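Below: the structure, in structure tokens.
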Amino acid sequence: MITLKDMKKVFNAGKPNEFTAVRGVTVGIEDRKLTVLKGPSGSGKTTLLSIIGCMARPTAGRVFLDGRELTSLPERFLTGIRRSTFGFIFQQFNLIKGISAIENAMLPAYPTGRPRAEIRRRASELFELFNLGGKAEARIEWLSGGETQRVAIARALINAPAVLIADEPTAHLDSILSREFMDIMASLKREGMTIVMASHDPIVYESPAVDRIIEMRDGGVVGEVAS
Amino acid sequence: MLHPTVIALMVGSFLLCVMLLISSAHGVRILRKWDLQSGSELQLELERRTYLVSMLLAYALGFQLVSLFLFIYTADDLHRLFVGAMCAAGTLNVNPFGYPTLVLKVVNFLFAAVWLIMNYADNRAHDYPLIRKKYGYLLVMMPCILAETVLQTLYFLDMKPNVITSCCGTLFSEESSSVTSGIAALPSIPTKIAFYTATLLTIISGWMFWRSGKGGHFFSVVAPVMFVVSVAALISFISLYFYELPTHHCPFDILQREYSYIGYLMYVALLGGGATGIGVGVLMPFRRIESLSSVVPRLQRLLALISSVLYLGFALISTVRMLTTNFRLEGY
């Protein structure tokens, strides 16, 4: 269970261009459920997702993961939690050109110190699961949009995280690929993964796989819908 | 005044003081406002800032450790400018601020080392268990470092080349009435017995604590005692074997080229052994803090090992010299 308490995030505090991205958000995200943060651009979805995933620190408020407080942790502890607990899928996928698809997927596992053979075995399993077996050695820039998307998912899962965080994952996909993405999310949820997504794509928040929709506007939560 | 090491010491000490004043202001806020249960803006700001302040302070206090040796080197190097001075002992005596500065530098070396050890332990826990203690300790340490900087500045500014100073033979003779003279006049055989007993007790208890984790309290007491006994032994009889003179007790001449700069090695071993040994005792009350229960015992055992090895090194250097020189102290 992820709990956010009185969350606030201010950018450029004290400067003329001060901007409050998240204001006073208190919300709980249940385990093994798919939760969508829904709202227009600038509503604070991405900022909130970054705070949940320990990629940004809030200005005020606390994040609890299974009762353990995360926001006060020094960076050396946060890095380990981020690496082992969360998998990230970014809007632009952020895959690295010039190296193979499987090397891209393996990258987040290198700092864990696991043997390379074990990491490669795990990446190959994920590639088989997502029908990418034949593309493992292909450079990332040679892959189609759907293949790129699945490599990004494989990379997010390489460290077997408990929570998958996806920021506008269908923003650059057509409808077919977006539905395919949601099918993969549904299967991951069935396997017990907690998924948190930020999206304003109807294909995402109208998907039957979604358990809960948290509506955001102007940095605050304006409504919740349980599917 | 324009000697490069004097400039380095002055600039370094002033920067350290500025850093300490800023850190102390932060420390006061920590002591008054720190509340880990709160998610307030102030608390989160303190958490973020303490990470930066601790890191910068660690570097600044690292300089404090080095500055002791730089100060001794400077005093030794400047002795050629003063009539009557033959080593650092004479240079430190050119005005009333030299020796107080040296004493404060040694005290602050130990203070700084203990703070660094506390900071290291605190940074290994997830919930800042020593945060108030280390900043409270910083507030105690700050006046000593400020006083050292003031004295050091006065010492360097008040150096007058026309002053005829005393050589170490006068300052560390058994006949004068100072504290060092009292140490120099200690009878050699009882002092040797005290030194080797303290060495054996420290090394054996340190080794046992490192191996089994038992006897930490005993080591915490004996390690600082060993430091004091070693300083007394160095002045009382060890130095005599290096100079092969029965009345020359100077602890500074061994820093010179004639003695292969062996003094630096001995002082690093002695001060390092003392600081790490004291660190074991300082950490003792924190073993029961939940988030430190796995960190502190391991760190203490490592510190005890380092302390024992350094003290052993000091004793070995001294003993090898005593056994290989033709000089015989007893029976003189």
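Points to keep in mind about this one:
- Whole-Hz ³J(HN,Hα) from phi, Karplus 6.51 cos²θ - 1.76 cosθ + 1.60, for the range B:309-318, glycine and proline x: 5, 5, 5, 4, x, 4, 5, 5, 4, 5
- Sorting B:HIS248, B:HIS79 from the fewest to the most surrounding beta carbons within 10 angstrom yields B:HIS248, B:HIS79.
- Relative to one another, the C-alpha centroids of the range B:256-332 and the range A:146-187 are positioned 58 Å apart.
- Sequence-distant aspartates and glutamates (8 or more away, or on other chains) whose Cα lies within less than 13 Å of A:LYS189: A:GLU30, A:ASP31, A:ASP211
- Averaging 1/r over each pair of different alpha-carbon atoms in the range A:21-146 and inverting the result gives 17.1 Å, the Kirkwood hydrodynamic radius.
- Footprinting exposure proxy for B:ILE317, B:ILE193, A:ILE99 (fewest neighbouring C-beta atoms within 10 Å first): B:ILE193, A:ILE99, B:ILE317
- Computed over the range B:1-166, relative contact order equals 33 percent, with contacts defined as Cα pairs under 8 Å that lie 6+ residues apart.
- Shape category assigned to the range B:170-332 from the gyration tensor of Cα positions, a/c cut at 1.5: prolate
- Furthest towards positive pole of dipole, B:GLY84, B:SER23, B:GLN64, structure part the range B:1-166, Cβ charges: B:SER23
- From the largest down, chain A spans 50, 39, 36 angstrom on the principal axes of its Cα atoms.
- GluC sites (Glu not before Pro), loop per DSSP, at most 16 other Cβ atoms within 10 Å - longest free stretch of chain B: B:1-173
- Lysines with Cα under 22 Å of A:LYS97, excluding same-chain neighbours fewer than 8 positions away: A:LYS135
- Using alpha-carbon coordinates, inclination of helix B:98-123 to the longest axis of chain B, degrees: 30
- Across peptide A:49-58, the average count of Cβ atoms from other chains found within 10 Å of a residue's Cβ is 1.
- Only Lys, Arg (+1) and Asp, Glu (-1) charged, at Cβ; the range B:93-246 dipole about Cα centre in debye: 580
- Reachable lysines, given that their alpha-carbon falls under 27 Å from the alpha-carbon of B:LYS134 and they are not under 8 places away in the same chain: B:LYS33, B:LYS105, B:LYS214
- Here chain A is assigned +1 on the Cβ of each Lys and Arg and -1 on the Cβ of each Asp and Glu. Its dipole about the Cα centre then comes out at about 720 debye.
- Positive-end extreme of charge dipole, the range A:92-227 - chosen from A:ALA154, A:SER178, A:ILE214 (charges on Cβ): A:ALA154
- Once you divide the Cα radius of gyration of chain B by 2.2 N^0.38 Å, the number left is 1.08.
- The share of alpha-carbon pairs in the range B:1-166 lying farther apart than 21 Å comes to 50%.
- Length-normalised contact order of chain A in % [C-alpha pairs under 8 Å, at least 6 apart]: 29
- Here B:LEU92, B:LEU130 are placed in order of increasing Cβ neighbour count within 10 Å, fewest first, which gives B:LEU130, B:LEU92.
- Kirkwood hydrodynamic radius over Cα pairs of the protein assembly as shown, then Stokes diffusion coefficient at 20 °C and 1.002 mPa s, in µm²/s: 76
- Length-normalised contact order of chain B in % [C-alpha pairs under 8 Å, at least 6 apart]: 19
- Farthest positive-ward along the range B:170-332 dipole, Cα basis, beta-carbon charges - from B:ALA194, B:GLN300, B:ALA223: B:GLN300
- In a reduced charge model with +1 at each Lys and Arg Cβ and -1 at each Asp and Glu Cβ, the protein assembly as shown shows a dipole moment near 620 debye about its Cα centre.
Any read-out appearing in this document is the output of simple, stated calculations on the displayed coordinates, not a laboratory observation. The shown structure was predicted, so the numbers you read here are calculated from the model rather than taken from an experiment. Note: ideal-geometry Cβ built from the backbone for every residue, glycine included; neighbour counts use all protein chains shown.
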